[in-house]
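These notes are about the structure you will find just below.
The values are calculated or read from the model by the stated rules, or taken from the named source; none is laboratory data. It should be emphasised that the depicted structure is a prediction, and the values quoted were computed from it without experimental measurement. All Cβ positions, glycine included, derive from the backbone under ideal geometry; neighbour counts span all protein chains shown.
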Amino acid sequence: MSDIQDVVIIGSGPAGYTAAIYLGRAGYRPLVIAGALTPGGQLVNTTTVENFPGFPDGILGPDLMDAMQRQAEQFGARLVWDDVVSVDFGDDVHTVTCDQGDVFQARTVVVTTGSTVRKLQVPGEETFAGRGVSYCATCDGFFFRNKPIVVVGGGDSACEEALFLTRFGSSVTLIHRRDEFRASKIMQERVRSNPDITLMMNTVVERVNGSDAGAESITVRNRATDEVTDVPANGIFVAIGHTPATDFLHGALALDDDGYILVDGASTRTSVPGVFAAGDAVDRVYRQAISAAGMGCRAALDAQRYLSGD
Ligand SMILES: Cc1cc2nc3c(=O)[nH]c(=O)nc-3n(C[C@H](O)[C@H](O)[C@H](O)COP(=O)(O)OP(=O)(O)OC[C@H]3O[C@@H](n4cnc5c(N)ncnc54)[C@H](O)[C@@H]3O)c2cc1C
């Protein structure tokens, strides 16, 4: 086992690298356990990011994360390309165990493991991901101005995304596999009373279709009648939920019923002193690179205060 670190950061998305930059510049040498499958986080799987401040012409997601990594390393962050599989949070020293067997001890831990989007798992979804299929209306709605859009899902997020996307689409169709929405009553009413949204209930997506130019339609099946139809769609927004990457924490930190890490008010303090959390593993509302980065900054400042005994 290595020496006791001041700080271990778990995760290398915008929240993790921002925390690393701040803690590095504060004189700590944060150890970042970057994750084995998607170091760099969710933005590594996307194309152009147009809403991260400072890049008026947009920047490719992988390039943005590469720049954040270099910036963190420049200020002394050390990276480990592995997944954390278990944690043992003690009173003063916390222990983190990685998949390859490395064990690290630290006085503070910042958890920034993000979340993964739930996928439809139908043919064409992967092929047209980033070329029509999207998991974030705030991020990608703008790309589908005056184009037909569908939103898939039945919760508050799906309704909210459908309402938001009426600003862009030539049409917006909300597709839900049940005959009732899960969304709150008020959201349902807003969707139902919006003349720009067409509802297709009791309907499942079977396939995403398109060409080299991108997605063009989806094939859907009505569950009551088994009728199969094609719905024109250049933008397909999948809003069937996110899963926070917090399985390895179960029992060690207070989580909500869906597995999001609970923090104390506006701070990033978790249920264990010295353990902080930031980004999409905490935040089920905003889920943006800039909001994750902002929270990573706050976690770094909270950790610094803890380390200096303030
Ligand atoms: C396709 C797509 C496009 C998007 N486009 C935009 C956009 O244009 N603009 C925008 O603002 N937002 C966009 N988002 C949302 C944005 O990517 C997220 O809000 C942001 O990445 C969240 O940052 P994070 O640091 O909390 O987590 P993530 O980016 O999810 O990073 C989590 C990190 O934790 C690591 N990790 C997970 N589990 C473990 C473990 N057990 N051990 C060690 N490491 C672990 C992962 O490897 C990863 O490095 C997009 C999301 C997706 C999916």
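Here is how the numbers come out for the structure above:
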read-out	value
Selection within the stretch 120-142 - more than 10 Å from the ligand (Cβ to nearest atom) and touching a strand residue (DSSP E or B) at 6+ places or on another chain (Cβ under 9 Å)	LEU120, VAL122, PRO123, GLY124, GLU125, GLU126, THR127, PHE128, ARG131, GLY132, ALA137, GLY141
Residue satisfying condition, being under 14 Å from ALA293 (Cα atoms), within 18 Å of the chain's Cα centre (by Cα), within 12 Å of the ligand (Cβ to nearest atom) and assigned by TED's automatic domain parsing to the domain that holds ALA281, within set ALA20, ALA34, ALA15	ALA15
Residue that is farthest from the ligand (Cβ to nearest atom) [pool: residues in the stretch 39-74 that are crowded, with 18+ Cβ neighbours inside 10 Å and under 23 Å from PHE104 (Cα atoms)]	ALA72
Pairs where the first residue, in the stretch 75-103, is near the ligand (Cβ under 9 Å from one of its atoms) and the second is of a type in the set (Ser, Thr, Tyr), C-beta under 6 Å, 6+ apart	VAL85/THR97
The lone exception for ILE149 - which of (1) surrounded by fewer than 20 Cβ atoms within 10 Å (Cβ to Cβ); (2) in a strand (DSSP E or B); (3) more than 15 Å from the ligand (Cβ to nearest atom) it fails	(1)
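Conditions (1) at pLDDT below 95; (2) more than 16 Å from the ligand (Cβ to nearest atom), marked per residue:
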{"position": "ASP226", "(1), (2)": "no, yes"}
{"position": "ALA245", "(1), (2)": "no, no"}
{"position": "HIS250", "(1), (2)": "yes, no"}
{"position": "ILE261", "(1), (2)": "no, no"}
{"position": "ASP280", "(1), (2)": "no, no"}
{"position": "ALA292", "(1), (2)": "no, no"}
{"position": "TYR306", "(1), (2)": "no, yes"}
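Yes/no matrix, rows are residues, columns are (1) part of a strand (DSSP E or B); (2) touching a Gly at 6+ places or on another chain (Cβ under 7 Å); (3) of a type outside the set (Asp, Glu):
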position	(1), (2), (3)
GLU206	yes, no, no
ILE218	yes, no, yes
ASP230	yes, no, no
GLY259	no, no, yes
GLY265	no, no, yes
PHE276	yes, no, yes
ILE290	no, no, yes
GLY294	no, no, yes
GLY309	no, no, yes
